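Just so it is clear, none of the values below were taken in a lab; they were calculated from the coordinates. Just so it is clear, the structure is predicted and the values come from calculations on it, not from any experiment. All Cβ positions, even for glycine, are placed from backbone atoms using ideal geometry, and neighbour counts span all protein chains on display.
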Amino acid sequence: MTTVLDVQRFKDDGRRFAVLTAYDFLTAKILDEAGIPVLLVGDSLGMVVLGHPTTLPVTLDDMLHHAKAVARGARQALLVGDMPFMSYHASVEQAITSAGRFVQEAGMHAVKLEGGGRVIEITRRLTELGIPVMSHVGLTPQFVHQMGGFKVQGKTDAQAAQILADAKALEQAGAFSIVLEGVPSQLAARVTKALHIPTIGIGAGPGTDAQVLVLHDMLGLTTGKAPKFVKRYANLAEEISRAATSYSDDVRKGTFPGPEHEYSANGSAPAKDREEVKYGPG
């Protein structure tokens, strides 16, 4: 099983690695069996699973529900639970309680927190208590209103200096890795070189130690124009639409179900007809 020590070893050995988001049992199982070493149960589920315009409406209960499903599906990957908005904002004590639930109830191995500033002390306390922390700086979606939208961060010298300072402080506080989102490639490479812990880029260019994508973006399940940093490795939205249309046509024409999909009422039915029905639609 991949651990936080393995992730550090990846960087020490110069081995780049992939991170993907996961939100349910089946995809977690598939990604785990495909050898993806780190799975992030991201609060991005608010947008790609629950249909919200931002991640802000996602609750701790939402996250725990999906994290538990992912933990049931993955056996080898390092599992990271994303701490949602207002689950660590009130106090250090609240952050400890929320993070503890990810580990104790949901089977996560680590948690992710957005931002620097006061999150630095929270990171220190969590790591002291044995809860590994993945940090996240740059474009931090939970700060979308403060940033005036989903905009690239670190373009000015002052912004770049603050991101670098926060990254160094988070490393000192005990973070085992750090996500760099939506920052210029040069800045991401600079931060990566300055840190001992691995950096994980998304919209941060090729100079980071790892890359993370939202699963639905990578698979082409999201429609419309993809963000610049996204590479679609499949176009499942079109494939699902095609399959659904074919299914609907077969039902309308009466060609599905066919004889091979029927169950027999007599006792001499072949073995395949005596198989149990595993599940239904509801």
Can you compute the FRET efficiency between K253 and K231 using 1/(1 + (r/R0)^6), with r the Cβ-Cβ distance and R0 = 35 Å? Round to the nearest 0.05.
0.35
Cα gyration tensor of region 166-228, axes a ≥ b ≥ c as square roots of the eigenvalues: rounded (a/c below 1.5), prolate (a/b > b/c) or oblate?
prolate
A194 versus R15: modelled label distance in nm, points set 7 Å from Cα along the beta carbon direction
2.8 nm
Label-to-label distance, nm, for residues given as T97 and E238 (7 Å Cα→Cβ offset)
5.0 nm
Going from the alpha-carbon gyration tensor of the chain, what semi-axes, largest first and in whole Å, does one get by taking the root of 5 times each eigenvalue?
40, 21, 18
At most 14 other Cβ atoms within 10 Å plus a DSSP loop assignment makes a site exposed; report the longest stretch of the chain without any exposed chymotrypsin sites (Phe, Trp or Tyr not before Pro).
1-149
Region 11-119: equivalent-ellipsoid semi-axes (sqrt of 5 x gyration tensor eigenvalues, Cα, Å):
22, 17, 14
P(r), alpha carbons of region 56-96 - 10 Å bins starting at zero, rounded %:
27, 45, 24, 3
Added length on full extension, which subtracts the Cα-Cα distance from 0.36 nm per residue, R118 to T245
40.6 nm
